[in-house]
Amino acid sequence: MANLPEPGRTGPLAALALTAGPRYGEELPIPKPVVTLGRAAASDLVIDDDSVSASHARLEWDLGAWRITDLGSTNGTAVEGIKLAPNIPTPLPYGATVRVGGVKLQFREVAQADPERARAEYVAPAKPATLREEKPGFRFPVWLALLILVLLVVVGFLVYQSMFTPVRVGAAPAHPVLALAPWAAAP
């Protein structure tokens, strides 16, 4: 499971204790200075509850303090009853009550933890490439290509018509008004 401490580390850096429900009192150890909380197996701290999003929140030690960030979860994250804005890191003191979806937790300090050293040694995992990522360089818009194609077809048609339309030399062009109203023509 992803909740094990890093190799060479004596124990967790902090803990989240469940304060309600059938798993009351159980502690989730925080093994590294940056962890994700969520329902998905890819999360560092797995909270198996339907009210918790797959990737719900991030907990990190930075600049000498712990911070929690809601990752745009469906049911939100709250600290001491105050709902957090998505993607805004919020300070998280020891002893604070945290609600992740419908799960209530208490953030606890762990004896003999050294989060400063862990943060200094921490190397962020490589971000996996996704299909939605933009590749560098210029991309020609499809709508512009279609517009140019339509214009070329129209110009080509007009050139073709002008090349193969017979021209009557010496004949006066018919006046459109006279063609529609023959009684208006002078005798």
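The values are calculated or read from the model by the stated rules, or taken from the named source; none is laboratory data. No experiment lies behind these values; they were computed from the predicted model shown. Quick reminder, even Gly has a Cβ in these numbers, built from the backbone with ideal geometry, and neighbours come from all protein chains shown. Keep in mind that these areas ignore ligands, DNA and RNA; they rest on the heavy atoms of the full protein, side chains included. Shrake-Rupley method; radii C 1.70, N 1.55, O 1.52, S 1.80 Å.
Might you check whether a residue that is surrounded by 12 or more Cβ atoms within 10 Å (Cβ to Cβ), within 19 Å of residue 20 (Cβ to Cβ) and free of Cβ contacts under 8 Å to residues at least 60 places away in the same chain occurs anywhere in the stretch 57-67?
Yes, some residue in the stretch 57-67 is surrounded by 12 or more Cβ atoms within 10 Å (Cβ to Cβ), within 19 Å of residue 20 (Cβ to Cβ) and free of Cβ contacts under 8 Å to residues at least 60 places away in the same chain.
Report yes if residue 117 is among the charged types (D, E, K, R), open to solvent by 70 Å² or more (accessible area, probe 1.4 Å) and in contact (Cβ under 8 Å) with a residue 24 or more places away in the chain, otherwise no.
No, not satisfied.
Give the stretch 54-72 a look and list any residue that's assigned to a strand (DSSP E or B) and at positive phi, or say none.
From the stretch 54-72, those assigned to a strand (DSSP E or B) are 57-62, 65-70; that's our starting set.
Matches in the stretch 54-72: none.
Suppose the filter is open to solvent by 30 Å² or more (accessible area, probe 1.4 Å), in contact (Cβ under 8 Å) with a residue 40 or more places away in the chain and closer than 19 Å to residue 53 by Cα; does residue 83 pass it?
Considered against the rule, which asks whether it is open to solvent by 30 Å² or more (accessible area, probe 1.4 Å), in contact (Cβ under 8 Å) with a residue 40 or more places away in the chain and closer than 19 Å to residue 53 by Cα, residue 83 comes out as no.
In the stretch 68-80, how many residues are surrounded by fewer than 18 Cβ atoms within 10 Å (Cβ to Cβ) and acidic (Asp, Glu)?
Qualifying residue count, the stretch 68-80: 1.
Tally the residues that are open to solvent by less than 60 Å² (accessible area, probe 1.4 Å), in a loop (DSSP other than H, G, I, E, B) and under 28 Å from residue 121 (Cβ atoms), restricting the search to the stretch 40-53. Reasoning before the result, please.
Just the residues of the stretch 40-53 that are open to solvent by less than 60 Å² (accessible area, probe 1.4 Å), to begin with: 40, 43-47, 49, 51-53.
Still in the list and also in a loop (DSSP other than H, G, I, E, B): 40, 43-44, 47, 49, 51-53.
Checking the rest, the ones that are also under 28 Å from residue 121 (Cβ atoms) come to 40, 43-44, 47.
The qualifying residues number 4.
Is there any pair linking a residue in the stretch 28-52 that is more than 23 Å from residue 109 (Cα to Cα) to one that is surrounded by 21 or more Cβ atoms within 10 Å (Cβ to Cβ) and of a type in the set (Val, Ile, Thr), with Cβ under 8 Å and at least six apart or on different chains, and which?
Short answer, once both residue conditions are applied: 39/47; 39/52; 49/103; 51/103; 52/100; 52/103.
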